[in-house]
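The values are calculated or read from the model by the stated rules, or taken from the named source; none is laboratory data. Everything quoted here is computed from the prediction, not taken from an experiment. Because the Cβ atoms are built from the backbone with ideal geometry, glycine has one as well, and the counts that use them run over all protein chains shown. Calculation scope for accessible area: heavy atoms of the full protein, side chains included, ligands and nucleic acids excluded. Shrake-Rupley method; radii C 1.70, N 1.55, O 1.52, S 1.80 Å.
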Amino acid sequence: GGTVNPDKLRIDGDAVAFVRDFVENGKPVAAICHGPWTLIEADVATGRTLTSFPSIRTDLRNAGANVVDQEVVIDKNLITSRSPEDLPAFSEAIVSQLAGTTTKEEETS
């Protein structure tokens, strides 16, 4: 999350490949705030339902994502959240995903 770290990650080919590999292999990937920029760069946002900080929602739409304004969104193995204000729900979703249980949010098919 944040602004600077995702911006640096999306220009790091190894980091982008790492994220792409995790997503494509069904491993859990979580991104908050501007973190979904890396999902865009990894070309894994297309057709997925995601949320983010408001200023990058157009980027997500342009990458083919279905963008919603919710505190946390789970789309299969991708978990996204809007901002630090949503950390309790985001953290709960990550723990639940790693534990193999469902969260209070509906999973998107």
Computed [θ] at 222 nm, deg cm²/dmol, the chain (DSSP H ≥ 4; -39,500 (n - 2.57); rounded to nearest 500) | -11000 deg cm²/dmol
In the range 3-99 the accessible area split gives carbon plus sulfur, as whole percent at 1.4 Å, a share of 52 percent
Might you tell me the accessible area per residue for the chain, computed with a 1.4 Å probe and given in Å²?
-> 54 Å²
In order through the range 71-77: 3J(HN,Hα) via Karplus (6.51 cos²θ - 1.76 cosθ + 1.60), integer Hz, x for Gly, Pro = 5, 8, 10, 10, 10, 6, 9
Name the residues whose placed amide hydrogens come within less than 5 Å of the amide hydrogen of ALA31, ignoring near sequence neighbours (fewer than 5 apart) on the same chain.
-> ILE79, THR80, SER81
What translational diffusion coefficient, in µm²/s and rounded to a whole number, does the Stokes-Einstein relation yield for the chain at 10 °C and a viscosity of 1.306 mPa s, taking the hydrodynamic radius as the Kirkwood radius over Cα pairs?
-> 118 µm²/s
Phi-derived 3J(HN,Hα) across the range 80-95 with the Karplus relation (6.51, -1.76, 1.60, θ = phi - 60°), rounded Hz, x for Gly and Pro, is 10, 8, 7, 6, x, 4, 9, 4, x, 5, 4, 4, 4, 5, 5, 4
Keeping all protein chains in position, work out how much accessible area ILE40 exposes to a 1.4 Å probe, and write it in Å² to the nearest 10.
-> 40 Å²
Which whole-number percent gives the relative contact order of the chain, counting Cα pairs below 8 Å spaced six or more residues apart?
-> 24 percent
Magnitude of the Cβ-charge dipole of the range 13-109, K/R +1 and D/E -1, about the Cα centre, nearest 20 debye?
-> 100 debye
Treat each spin label as a single point 7 Å out from the Cα along the C-beta direction, and report the ASP69 to LYS8 distance in nm.
-> 3.2 nm
